[in-house]
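Scroll down for the structure; my scribbles are underneath it.
The values are calculated or read from the model by the stated rules, or taken from the named source; none is laboratory data. Remember, predicted model here, so these are calculated numbers, not experimental data. A quick note on method: Cβ atoms are made from the backbone with ideal geometry, for glycine too, and the neighbour counts reach across all protein chains shown.
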Amino acid sequence: MALPRFAPRRRARRLFSFWRSEKRTLRQGFAALLLGALTSFVAGITLASISDTLKVLPGLLILTPAILGMRGTIFGAMGARLGTSTHAGLFEVTRARTGVLYQNVFVAAVSTMFSSLYLAALAKLAALTFGLPSMSFLQFVTIAVVGGIVDSTLILVLTVALSVLSYRRGYDLDAVSTPVVTAAADMITLPVMFLATFLTKVGWLNAGIAAACIAICLYATVRGAFTDLPLARRAFREMAPTIILTPLMDILAGTVLEARLARFDDLPGLLLLFPPFVATAGSLGGILSSRLSSKLQLGLLSPRGLPEGIAYLDGSLLVGFGGVTFTFMGAIAVGYAALVHLSYPGWQPMVLGTLVAGMMAVGIAIIVSYYVAIGTTRFGLDPDNHSVPIITSVMDLAGTIVLLFALSLLGVATHV
């Protein structure tokens, strides 16, 4: 009967042994997440600074989480696929059309076109459905597609460079790709979207640009679905349902924020938190789903209903990552708000609320990441095409909700 008494101690030793064996992943993951949280504040700062634009172009806040989430979906999945190909010894630094790298770039480009047009239509439909004021459909198209082309080009270059660097230096791409790509998307996308709004101010110019965007996006969608590149065709066709379904959660998250836009006027400092918070929550889920996807495809993990020990150990990394990163995030938000004199509810709700919400988000991310990864495997799908996109989208909505909930627990409910 002495076995149960020492079982917790043995589990603790196994956990610490696992963490020691993953020191390199921990260092790289912490560096990527902390850097990601810091750079994601560019999105938060932009959001807090364009309140006038949000009022002039109603509905822009509905579109914002979906656009941010879609960049993580497309390029997070690309990083996951490249990470798996690296582990499997298939990745090569080549511009050959049939190579893994070229085909992934092709998928990212056509997916950006397809998703941008779709998100514009979805945002307009959401505004109409929930009775919220909004700009015209053509304005949505111009902002989503023009902004999407510009920011996706920059993010694509970064993703390829990161993949090549990781391949040559032996970095764990699964641990660094999603946080860095997500942070870059947050840092680039909102400023680019804001610049794209200037194209909507002249009616005839906006109409011409929007018409051209619609034609280009429809052409890219057909090319992606019927390309002669086998890996690219499979990836695009498998990702298409994900691109169609997952933004529904992002649109709901944006609708929740749009409906509370007037209340954020009293405490604009709170807007600093939402982009980096949901980005970090999605990055954490992306790290776990990428690791699980790689293990599933390499046969190191079985797609079982009850997780194996190795899955629990991988999940434990997120607890450590989350505790440090979300505390850091709350502290940075307080420091910046105080520095530029943005109204905020105080350091305790900001720091403690972010940490409490963050640990709730970690719990959700662990559960969803595991079952999405094994679910796609059981259905014979490539988990790299579904795990990261689904988990980032789920965490956009879940992150928004848990952050609002945690703030309400700490007495900020009357404001948000």
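State all residues of the range 180-226 that are under 27 Å from the mean Cα position of the chain (by Cα) and not in a helix (DSSP H, G or I); if no residue qualifies, say none.
Within the range 180-226, none qualify.
Select the helices (runs of 4 or more DSSP H) contained entirely in the range 1-66, then report the ones holding at least 2 residues which are at pLDDT below 75. Talk me through it step by step, then tell me what you get.
Numbers: elements: 2-21, 23-49, 51-56.
In the range 1-66, the matching helices (runs of 4 or more DSSP H) lie at 2-21, 23-49.
Report, by residue number, each residue of the range 329-372 that is surrounded by fewer than 20 Cβ atoms within 10 Å (Cβ to Cβ), in a helix (DSSP H, G or I) and modelled with pLDDT under 85.
The answer is 347, 348.
With (1) of a type outside the set (Gly, Ala, Ser); (2) over 19 Å from residue 244 (Cα atoms); (3) touching a Gly at 6+ places or on another chain (Cβ under 6 Å) as the list, and residue 110 as the residue in question, which single condition is left unmet?
Checking residue 110 against (1) of a type outside the set (Gly, Ala, Ser); (2) over 19 Å from residue 244 (Cα atoms); (3) touching a Gly at 6+ places or on another chain (Cβ under 6 Å), the one that fails is (2).
Between 82, 34, which is of a type in the set (A, V, I, L, M, F, W, C) and crowded, with 20+ Cβ neighbours inside 10 Å?
Working: 34 fails: crowded, with 20+ Cβ neighbours inside 10 Å.
Residue meeting the stated conditions: 82.
State which residue is nearest to residue 144 (Cα to Cα) when the search covers only the range 96-125 and only residues that are out of contact with any helix residue (DSSP H, G or I) (no Cβ under 6 Å at 6 or more places or on another chain) and not aliphatic (A, V, I, L, M).
Applying the filter and picking the extreme gives 118.
Is there any pair with a first residue in the range 290-319 that is within 20 Å of residue 362 (Cβ to Cβ) and a second that is of a type in the set (Ser, Thr, Tyr) and modelled with pLDDT under 75 whose Cβ atoms are under 6 Å apart and which are 6 or more apart or on different chains, and what are they?
Going by the 6 Å Cβ cut-off, the qualifying pairs are 293/387.
Looking for whichever is under 18 Å from the mean Cα position of the chain (by Cα) and assigned to a helix (DSSP H, G or I) here; the options are 317, 296, 284. Which one fits?
Numbers: 317 fails: under 18 Å from the mean Cα position of the chain (by Cα); 296 fails: under 18 Å from the mean Cα position of the chain (by Cα).
So the residue among 317, 296, 284 that is under 18 Å from the mean Cα position of the chain (by Cα) and assigned to a helix (DSSP H, G or I) is 284.
Those residues that are out of contact with any helix residue (DSSP H, G or I) (no Cβ under 8 Å at 6 or more places or on another chain) and over 16 Å from residue 117 (Cβ atoms), I need them from the range 219-229; list them, please.
Passing the criteria: only 228.
Kindly provide the set of residues from the range 221-237 that are under 22 Å from residue 376 (Cα atoms) and surrounded by fewer than 17 Cβ atoms within 10 Å (Cβ to Cβ), ordered by number.
First, the residues of the range 221-237 that are under 22 Å from residue 376 (Cα atoms): 224-225, 230-237.
Scanning the range 221-237 gives 225, 230, 234, 237.
Checking residue 265 against (1) at pLDDT below 85; (2) buried (at least 24 other Cβ atoms within 10 Å of the Cβ), which test does it fail?
(2)
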